[in-house]
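Notes follow once the structure below has been shown.
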Amino acid sequence: PASTLDVEKEQAWLTRAMESALSDFRKLRKKLDNDINKEALAIFDLFTHLLNDPMLGNDLKAQIQKGDRADWALRQVVESYSNRFARMSDAYLRERAQDIRELGQRLLYFLYNTEHEQQQLEKPIILVVRELTASILATLPKDKLLAVVSLEGAANSHAAILSRALGIPAIMGVSLNLKQINGKRGIVDGYSGKLFISPGKQIVAEYRALAYEELQLSKMVNDAIFEPAFTQDGTRIELLLNAGLSADTNIAINQGIDGIGLYRTEISFLLQHRFPSEEEQILQYRAVLDAYPDRPVVMRTLDVGGDKPLPYLPIEEDNPFLGWRGIRFTLDHPDIFLIQLRAMMRANSEHHNLRILLPMVSGAKELDDTHALIQQAYQEAVKLDASIVMPKIGIMLEVPSMLYLLPMIANKIDFVSVGTNDLTQYLLAVDRNNAHVADVYDSMHPAVIMALKQIQQTCLQYSIPVCVCGELAGDPIGALLLIGLGYTTLSMNASNVAKVKYLVRHSARSDLQLLAQKALMQSYGHDIYNMMQVHFESLGFAGFIRAGKK
Ligand code: PEP
Ligand code: MG
């Protein structure tokens, strides 16, 4: 059955947050009263006044009744208020638009800071939301979540990646009337991205059969999960895990992987209400490093911005994906960066299995500046603990400029990790988060395939270890194509490891090389896909891709 979120609960959550905000404003006002800071006083009076205005309460309520979560309702209402103010002819009132936004940010803070009890769900549900976020996924019990449908976003939005990592099918960028689906039965086909509301008997029967096949497939691939991933012709493929969710550290798949290829540290930052302290970060990173004492763990430094804004550090910009994200953000906040770097190094004092990965590097200067900070963090950390070592440092290859720059910076890095999600986005100039252009976003576009070949060749030439950690590496077709292109290290989420391992063990690298050579001569992405599809069908792998999926 489909379900929109419970209106009353959202309302209560918002009310609690508004009450906390009001009491906080009272406290601050009192404090400032002594400081005789008149301007600041006025702003808290204005906030208090606005919060007590029934109009705001009513508008928020109406928005929640439309099916919005409390935080989304708040964003919508604040946006419309501030736009209204911004259009006013009076200069004083126009300036109030900014105050409204600030009030909105403060309320959001209290919203996330107020215990939003884990939703109790009696029956398993299909969750339908306007915009899927990490915090929505965090507040719902995973065992009751059958699937997620999001009106906004696209297949490689971060929330979709997270959902996949949890093994929950998600379809994104769906147009739907939220009002007409509550409580109805539905089928979510994560392969094709199709959604059926109140499906007829025949469709239900078809999907029951498919679900059964999927279960059989899952059993089959999990049989050999602990075996090493050798191709039929004897090439060892390293299979690593993409992690970053706390649950990742205690899953069974751990014995079937060669290490952690991408630990996205930002996920825990996104789920909190403030920057985690150095000590908190040390504990968290140590838990991960301890879980794989004899295997490499690649931790990526904070990659916020783009579609991963921090709730407690809002950034407003017109083109977030071209803006303040990844290494650009942390270089501009050396305090935050140094804490994280030190925490990583200190957490690594026992096992020495940490490698540090830098996101969104686009030029040599960023790399130099980062190295300086890494040196500083290392000096500071060593003073505290002499057993600390300098970890290996690598970069994400996800900004196209680095394709050309790689030979020149080869001596500055220890390894490369290819982020096909962003590489596709930036090479094809297509927002990975925008449903309108989802069909232009294609990681099997010939230009992407050619870029991947070039990266592989350059890394080979300069002896730089290279791994692919974008979603393409965990995609059955993508993984085999990458092996054909010469990659031997792939990092993917837990739900794909067993499938990819099975495919590797049942493939000959020489066949995949021939396919990749052919792929490199195609003009159309769909021809590459179709060629791979034919290959999958001829080897009996059709169940891995569910023909028709694109
Ligand atoms: C990528 O861009 O491919 C990647 C792995 O990083 P993220 O999806 O977190 O941007
Ligand atoms: Mg990326």
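The values are calculated or read from the model by the stated rules, or taken from the named source; none is laboratory data. A quick note: this is a predicted structure, and the numbers were derived from the prediction, not measured. For neighbour counting, all protein chains shown are included, and Cβ atoms are generated from backbone atoms with ideal geometry for every residue, glycine included.
Check whether at least one residue in region 416-425 is surrounded by fewer than 22 Cβ atoms within 10 Å (Cβ to Cβ) and either of a type in the set (Ser, Thr, Tyr) or more than 14 Å from ligand 2 (Cβ to nearest atom) (or both), and report yes or no. No, there is no match, as no residue in region 416-425 is surrounded by fewer than 22 Cβ atoms within 10 Å (Cβ to Cβ) and either of a type in the set (Ser, Thr, Tyr) or more than 14 Å from ligand 2 (Cβ to nearest atom) (or both). Can you find a residue that is in contact with a Gly (Cβ under 6 Å, 6 or more places away or on another chain) and among the β-branched types (Val, Ile, Thr) anywhere in region 408-415? Scanning region 408-415 turns up at least one residue that is in contact with a Gly (Cβ under 6 Å, 6 or more places away or on another chain) and among the β-branched types (Val, Ile, Thr). Which numbered condition trips up Leu354, out of (1) away from ligand 2 (no atom under 12 Å from the Cβ); (2) out of contact with any helix residue (DSSP H, G or I) (no Cβ under 7 Å at 6 or more places or on another chain); (3) touching a residue at least 40 places away in the same chain (Cβ under 8 Å)? So Leu354 meets the others, but not (2).
Just checking, does region 474-494 include any residue being more than 23 Å from Leu262 (Cβ to Cβ) and either touching a strand residue (DSSP E or B) at 6+ places or on another chain (Cβ under 6 Å) or hydrophobic (A, V, I, L, M, F, W, C) (or both)? The answer is no, given that none of the residues of region 474-494 is more than 23 Å from Leu262 (Cβ to Cβ) and either touching a strand residue (DSSP E or B) at 6+ places or on another chain (Cβ under 6 Å) or hydrophobic (A, V, I, L, M, F, W, C) (or both). Of all the residues in region 320-338, those that are under 25 Å from Phe110 (Cα atoms), more than 16 Å from ligand 1 (Cβ to nearest atom) and not in a loop (DSSP other than H, G, I, E, B) number 2. Of everything listed in (1) over 16 Å from Gly259 (Cβ atoms); (2) surrounded by 14 or more Cβ atoms within 10 Å (Cβ to Cβ); (3) away from ligand 1 (no atom under 16 Å from the Cβ), the single unmet condition for Glu317 is (2).
For beta carbons closer than 8 Å, sequence separation of 6+ or different chains, a first residue in region 39-53 that is closer than 11 Å to Phe25 by Cα and a second that is exposed (fewer than 14 other Cβ atoms within 10 Å of the Cβ) and modelled with pLDDT of 75 or more, the qualifying pairs are Thr48/Arg26.
If Cys459 meets every condition in (1) touching a strand residue (DSSP E or B) at 6+ places or on another chain (Cβ under 6 Å); (2) part of a loop (DSSP other than H, G, I, E, B) apart from one, which number is that one? (2) is the only condition that Cys459 fails. Of the residues contained in region 324-333, one or more are found to be away from ligand 2 (no atom under 16 Å from the Cβ) and without any contact (Cβ under 8 Å) to a residue 40 or more places away in the chain.
Does Tyr426 meet the test of being under 30 Å from Ser175 (Cβ atoms) and out of contact with any Gly (no Cβ under 9 Å at 6 or more places or on another chain)? Against the criterion (under 30 Å from Ser175 (Cβ atoms) and out of contact with any Gly (no Cβ under 9 Å at 6 or more places or on another chain)), Tyr426 qualifies.
Let's see how each residue does on (1) assigned to a helix (DSSP H, G or I); (2) surrounded by 20 or more Cβ atoms within 10 Å (Cβ to Cβ):
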site	(1), (2)
Asn254	yes, no
Ile267	yes, yes
Pro276	no, no
Val288	yes, yes
Pro293	no, no
Val298	no, yes
Asp303	no, yes
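In the set (1) in contact with an Asp or Glu (Cβ under 8 Å, 6 or more places away or on another chain); (2) hydroxyl-bearing (Ser, Thr, Tyr); (3) within 16 Å of ligand 1 (Cβ to nearest atom), Ser163 fails one condition alone, (1). Restricting region 132-156 to residues that are modelled with pLDDT of 85 or more and charged (D, E, K, R) leaves a set whose member that is surrounded by the most Cβ atoms within 10 Å (Cβ to Cβ) is Glu152.
Scanning region 401-455 for residues that are away from ligand 1 (no atom under 13 Å from the Cβ), free of Cβ contacts under 8 Å to residues at least 40 places away in the same chain and under 25 Å from Leu241 (Cα atoms) turns up nothing. Looking only at region 355-379, residues that are closer than 23 Å to Arg328 by Cβ and more than 16 Å from ligand 1 (Cβ to nearest atom) come to 16 in all. One residue alone among Leu60, Leu41, Leu50, Leu93 is among the hydrophobic types (A, V, I, L, M, F, W, C) and within 33 Å of the chain's Cα centre (by Cα), and that residue is Leu60.
Looking only at residues of region 456-482 that are more than 13 Å from ligand 1 (Cβ to nearest atom) and not hydrophobic (A, V, I, L, M, F, W, C), we find that the one that is surrounded by the fewest Cβ atoms within 10 Å (Cβ to Cβ) is Ser463.
Residue-by-condition table, conditions (1) more than 16 Å from ligand 2 (Cβ to nearest atom); (2) in contact with a strand residue (DSSP E or B) (Cβ under 6 Å, 6 or more places away or on another chain); (3) within 24 Å of Met360 (Cα to Cα); (4) among the small types (Gly, Ala, Ser):
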{"site": "Lys201", "(1), (2), (3), (4)": "yes, no, no, no"}
{"site": "Arg208", "(1), (2), (3), (4)": "yes, no, no, no"}
{"site": "Gln216", "(1), (2), (3), (4)": "yes, no, no, no"}
{"site": "Ile225", "(1), (2), (3), (4)": "yes, no, no, no"}
{"site": "Gln232", "(1), (2), (3), (4)": "yes, no, no, no"}
{"site": "Thr235", "(1), (2), (3), (4)": "yes, no, no, no"}
{"site": "Ile267", "(1), (2), (3), (4)": "no, no, yes, no"}
{"site": "Arg274", "(1), (2), (3), (4)": "yes, no, yes, no"}
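Testing Tyr81 on (1) of a type outside the set (D, E, K, R); (2) over 20 Å from Arg16 (Cβ atoms); (3) surrounded by fewer than 20 Cβ atoms within 10 Å (Cβ to Cβ), one condition comes back false. Which one is that? Failed condition: (3).
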